1. For the chain, what does the helix formula give at 222 nm: sum of -39500 (n - 2.57) over DSSP H segments with n ≥ 4, over the residue count, nearest 500 deg cm²/dmol?
2. Taking the Cα centre of the chain as origin and charging only Cβ (+1 Lys, Arg; -1 Asp, Glu), how large is the dipole, in debye to the nearest 20?
3. Taking the beta-carbon count within 10 Å as an exposure proxy, list Asp25, Asp97 from fewest neighbours to most.
4. Rounded, prolate or oblate for the range 5-106? Axes are the square roots of the Cα gyration tensor eigenvalues, ordered a ≥ b ≥ c, and the cut-off for rounded is a/c under 1.5.
5. Which is the longest run of the chain containing none of the trypsin sites (Lys or Arg not before Pro) found in DSSP loop states (not H, G, I, E, B) with at most 12 other C-beta atoms within 10 Å?
Amino acid sequence: MTVSATQHTKNLRRLSCVVCGSTVDIELHHCHSGSMVDAGFHRGLSRKASAFLQIPLNHKYHTGQFNPEAIGMRTWERMFGTQMEHLERVSELVGYDVIELARRAIGPKWGDG
């Protein structure tokens, strides 16, 4: 299935937090470091890999109390699940493979991990 990045972002905004299921204070997190490096999806902290590699998070898990930049991504993933696991769940919820779409959008250099 082909979905534009814009449509994908709209689809994500309809979802609840992948960590706690909350439907309020949802922010979209661009997945990076941690399990994303292990999967070959790392372009450096200042470069977002793909609009398809986002997960909906309640504020407290994104920029609030449990901010992954403050506690470290590996710690965050040990506490709340890996970003790759959450991306797989997002794929189930939206009905298409977001990881495959990201690979296509990014090209062969990234995502071959």
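1. Numbers: 7 runs with 49 residues, N = 113.
The helix-only estimate for the chain comes to -11000 deg cm²/dmol at 222 nm.
2. Working: 13 positive and 11 negative charges, 65 e Å.
Once rounded to the nearest 20, the dipole reads 320 debye.
3. On the way: Asp25 14, Asp97 18.
So the ranking, lowest neighbour count to highest, is Asp25, Asp97.
4. Values: a/c = 1.61, a/b = 1.08, b/c = 1.49.
In terms of gyration-tensor shape, oblate.
5. Result, exposed sites excluded: 48-108.
Just so you know, all these numbers are worked out from the coordinates, no wet-lab data involved. If you're wondering where the values come from, they're calculated on a predicted model, not measured in any experiment. Neighbour counts run over all protein chains shown; Cβ positions are idealised from the backbone, glycine included.
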